[in-house]
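**Q** Have a look at the structure that comes next, please.
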Amino acid sequence: MAVTIHIPESLRQFTAGKGRIKFDGSPTTVAAALSLLWAEYPNARDRVLTETGDVRPQFNIFVWNESIRYSGGLATPLPEESDVFISPTTS
């Protein structure tokens, strides 16, 4: 199983300019997928998550088009070949 994490422009300075990062591991939840991202790009973590590990209010995270705020938070399961989108909130 692979997961692709889509990075918004505002965070690409913390991911070596990459807008899409594919991991071939087997993450079964959003938290596990993000852990792979943080392992490779640790400075991105503090921009997306609070000190307590919650998603910051200025970001939304989607699995395909479903916000994880309504589907289990970081424990949201990932189907095979998932796309995870980190997106800045709009005002």
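The values are calculated or read from the model by the stated rules, or taken from the named source; none is laboratory data. Just so you know, these numbers come straight off a predicted model, no measurement behind them. Cβ atoms come from the backbone with ideal geometry, glycine included; neighbour counts cover every protein chain shown.
**Q** Suppose the filter is of a type in the set (Lys, Arg) and at pLDDT 95 or above; does residue 69 pass it?
**A** Taking the combined requirement at face value, the residue does not satisfy it.
**Q** In the stretch 13-24, how many residues are loosely packed, with under 14 Cβ neighbours inside 10 Å and either closer than 22 Å to residue 72 by Cβ or within 13 Å of the chain's Cα centre (by Cα) (or both)?
**A** Within the stretch 13-24, residues that are loosely packed, with under 14 Cβ neighbours inside 10 Å and either closer than 22 Å to residue 72 by Cβ or within 13 Å of the chain's Cα centre (by Cα) (or both) number 3.
Per-residue answers, yes or no, for (1) at pLDDT below 95; (2) out of contact with any strand residue (DSSP E or B) (no Cβ under 6 Å at 6 or more places or on another chain); (3) closer than 17 Å to residue 9 by Cα; (4) surrounded by fewer than 12 Cβ atoms within 10 Å (Cβ to Cβ):
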{"position": "31", "(1), (2), (3), (4)": "no, yes, no, no"}
{"position": "40", "(1), (2), (3), (4)": "no, yes, no, no"}
{"position": "45", "(1), (2), (3), (4)": "no, yes, yes, no"}
{"position": "48", "(1), (2), (3), (4)": "no, no, yes, no"}
{"position": "80", "(1), (2), (3), (4)": "yes, yes, no, yes"}
{"position": "87", "(1), (2), (3), (4)": "no, no, yes, no"}
{"position": "90", "(1), (2), (3), (4)": "yes, yes, yes, yes"}
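**Q** Anything in the stretch 76-91 that is more than 20 Å from residue 20 (Cβ to Cβ) and touching a residue at least 40 places away in the same chain (Cβ under 8 Å)? List them, or say none.
**A** Result: 77, single match.
**Q** For the stretch 1-89, list the strands (runs of 3 or more DSSP E) that sit wholly inside it and hold at least 3 residues that are of a type outside the set (D, E, K, R); which are they?
**A** 3-6, 59-63, 82-88
**Q** Shifting gears a bit: Given the criterion out of contact with any helix residue (DSSP H, G or I) (no Cβ under 6 Å at 6 or more places or on another chain), at positive phi, free of Cβ contacts under 8 Å to residues at least 60 places away in the same chain and surrounded by 13 or more Cβ atoms within 10 Å (Cβ to Cβ), identify the matching residue among 73, 53.
**A** Matching residue, one of 73, 53: 73.
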